[in-house]
Amino acid sequence: MSEQDNQTENGSKQDPEVEKELEGVPEQFLDDGDDDAGEGGTLEDALAQMKAELEEAKQQVLYARADTQNVRRRLEKEKEEARAYASTGFARDILSVADNLARALDAVPEDMREHNKLEGLIAGIEATQRELDKVFGQHGISRIAAMGLPLDPNQHQAMMEIPTADAEPGTVIQEMQSGYMIRDRLLRPAMVGVAKKPD
């Protein structure tokens, strides 16, 4: 028997095409040729295991990509909210200025409004109040409607109950301090008095 036939019979030399196909397969998955062929074909088992591991790796990549997208969306939302509501603290502080302007105008008697010496002063205060309201509007700050409306605990803070037969119980009939919203968030509730049935 020739040496070539002997090598083929002993399985010590593989076909070049088979060797090329097995490149890259870990040695522990390769059959040494001595096992019984009926034990399950280890090459097929190795390929099946590698395919399963590849599918698992693909799933992990998909999950990681989805998590990354969720984190990106959350960060973008937080960034937009931070930009939209960045002036909340300042706006809340400046509301006292608007309150004082409103009190100053309310304190001026009607007869003094027509006085020549005070006409310019009152006009200046009114102009300042209009300008402040305009700036509020530019930053999404709006006044909460209260008078004549049912009490809304999300926007109104009831400070007292006023017995009256002229309004339905629970209706706002007095506003002690204006309330404000900044976009869709409450900046400050309106402090109000609500109607109740007379005793």
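For the range 1-92, list the helices (runs of 4 or more DSSP H) that sit wholly inside it and hold at least 2 residues that are at pLDDT 85 or above and either surrounded by 10 or more Cβ atoms within 10 Å (Cβ to Cβ) or touching a Gly at 6+ places or on another chain (Cβ under 6 Å) (or both); which are they? Break it down into steps so the answer makes sense when it comes.
Working: elements: 3-10, 16-21, 42-84.
Where helices (runs of 4 or more DSSP H) fall fully within the range 1-92 and carry at least 2 residues being at pLDDT 85 or above and either surrounded by 10 or more Cβ atoms within 10 Å (Cβ to Cβ) or touching a Gly at 6+ places or on another chain (Cβ under 6 Å) (or both), they are 42-84.
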_Neighbours by Cβ (under 9 Å, 6+ apart or cross-chain): first from the range 164-183, more than 30 Å from residue 83 (Cα to Cα); second basic (Lys, Arg) and in a strand (DSSP E or B)_ = 164/196; 169/196; 170/196
*Out of 141, 94, 125, report the one residue that is of a type in the set (Val, Ile, Thr), within 19 Å of residue 189 (Cα to Cα) and free of Cβ contacts under 8 Å to residues at least 40 places away in the same chain.*
94
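At least 2 residues that are of a type outside the set (S, T, N, Q) and loosely packed, with under 15 Cβ neighbours inside 10 Å in each: list the strands (runs of 3 or more DSSP E) lying fully within the range 98-180 that qualify. Walk me through it before giving the result.
Values: elements: 141-143, 156-163, 172-177.
Per the criteria, 156-163.
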*Please verify whether the range 59-68 includes one or more residues that are over 26 Å from the mean Cα position of the chain (by Cα) and of a type outside the set (A, V, I, L, M, F, W, C).*
yes
*In the range 181-191, how many residues are outside any strand (DSSP E or B) and surrounded by fewer than 16 Cβ atoms within 10 Å (Cβ to Cβ)?*
2
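The values are calculated or read from the model by the stated rules, or taken from the named source; none is laboratory data. Remember, predicted model here, so these are calculated numbers, not experimental data. Ideal geometry is used to build each Cβ from the backbone, glycine not excepted, and the neighbour counts take in all protein chains shown.
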